Structure formats: C-alpha cells, structure tokens
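Chemist: Please find one structure pasted underneath; my questions will follow.
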Amino acid sequence: FADSDAVKSVPAIKGDSVTLESGVPEIKTDAVTTWTFGETLIAKMNKDSGIFSTSYGDTVGFRDRLKLNNQTGSLTITNVNTTDSGLYLLTIRGEIMTTHRFNISVY
C-alpha cells in the first residue's frame, strides 16, 4: 500500500477463501494488530502478551472461519458468504500506527 487511506477492493466468490494481506513480512513483537469488520473487532494479535485471537468475530457470524497469520498479521476468511461483504480495517500500532482498508464484495 502506497497510501494507507486507500481502500483495496477484494472480490470473492461465495464459498471460497479470501486473504487480506497486511503488507508486512513480520509484525514486530511490541505491536498490537487489530482487525475490524465495520465497527466490530473481529481479530487481535499482540505477540508480547501472547494474544492471537479471532474469537471476537464469533459474535458477528465468523465462527471458526477466521485465520490470523501469527507472523504477518494477515487475515484469511474461509467459506465466505454475502454477509461477509463490507469494509475491513487493519490497524497495526507499534512505533508508528499503520492502517489498511479492504472492501470485500462477495458474489
């Protein structure tokens, strides 16, 4: 991402998996990484605290369909459905704060 304010469009076919790439080779140990869908937190990673959780997404219908890459912070959604369409926000808080936006459209 050259511009962190840009929104990356991600088309997906119902039933497939889609990976939202963090764009970094490795998340630093002291960084806190969060993924939100709309306004809802769905995943969080903090290596210092040993937090690698996607259970936040269970309450909004992602039960057992989110996979968080413990090295890069990238998020994979398996078996996508039309209800998964929308805006996803990745925030990496470390020495500097970085945000990336993805708009998934499931067909």
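The values are calculated or read from the model by the stated rules, or taken from the named source; none is laboratory data. These numbers come from a predicted model, not from an experiment. Here the Cβ positions follow ideal geometry from the backbone for every residue, glycine too, while neighbour counts run over all protein chains shown. Remember, those area values only see protein heavy atoms, side chains included, never the ligands or the DNA or RNA. Shrake-Rupley method; radii C 1.70, N 1.55, O 1.52, S 1.80 Å.
Chemist: Just to confirm my numbers, what's the Cα centroid distance between the stretch 90-107 and the stretch 8-22 in Å?
Modeler: 14
Chemist: Using a simple spin-label model with points 7 Å from Cα along the Cα→Cβ vector, what separation in nm is obtained for residue 17 and residue 63?
Modeler: In this crude label model, residue 17 to residue 63 measures out at 2.1 nm.
Chemist: Just to confirm, what accessible area per residue do you get for the chain at 1.4 Å probe, in whole Å²? It would help to have the intermediate numbers written out before the result.
Modeler: On the way: 5950 Å² over 107 residues.
Heavy-atom SASA per residue in the chain reads 56 Å².
Chemist: Along the stretch 97-103, what does the Karplus equation 6.51 cos²θ - 1.76 cosθ + 1.60 (θ = phi - 60°) give for ³J(HN,Hα), rounded to whole Hz, x for Gly and Pro?
Modeler: 9, 10, 10, 9, 10, 10, 10
Chemist: Separate question: Expressed as a whole percentage, what fraction of the accessible surface of the chain belongs to carbon and sulfur atoms when a 1.4 Å probe is rolled over the protein heavy atoms? Kindly include the intermediate steps, with their values, before the conclusion.
Modeler: On the way: 2870 of 5950 Å².
Answer for the chain is 48 percent, counting heavy atoms of protein chains only.
Chemist: A follow-up question, please. Contact order normalised by length for the stretch 1-103, with contacts defined as Cα pairs under 8 Å and 6 or more residues apart; what percent is it? Walk me through the intermediate numbers first.
Modeler: Numbers: 204 pairs, mean separation 38.5, N = 103.
Normalised by residue count, the contact order of the stretch 1-103 is 37 percent.
Chemist: Based on the alpha-carbon gyration tensor of the chain and its eigenvalue square roots a ≥ b ≥ c, which shape applies: rounded if a/c is under 1.5, prolate if not and a/b is larger than b/c, or oblate?
Modeler: On the way: a/c = 1.94, a/b = 1.35, b/c = 1.44.
Oblate is the answer for the chain, as a/c is 1.5 or above yet b/c matches or exceeds a/b.
Chemist: Compute the Cα gyration tensor for the stretch 10-64, then decide on rounded, prolate or oblate, letting a ≥ b ≥ c be the square roots of its eigenvalues: rounded whenever a/c is under 1.5, prolate when a/b is larger than b/c in the other cases, and oblate in all that remain.
Modeler: Oblate, since a/c reaches 1.5 and b/c is not below a/b.
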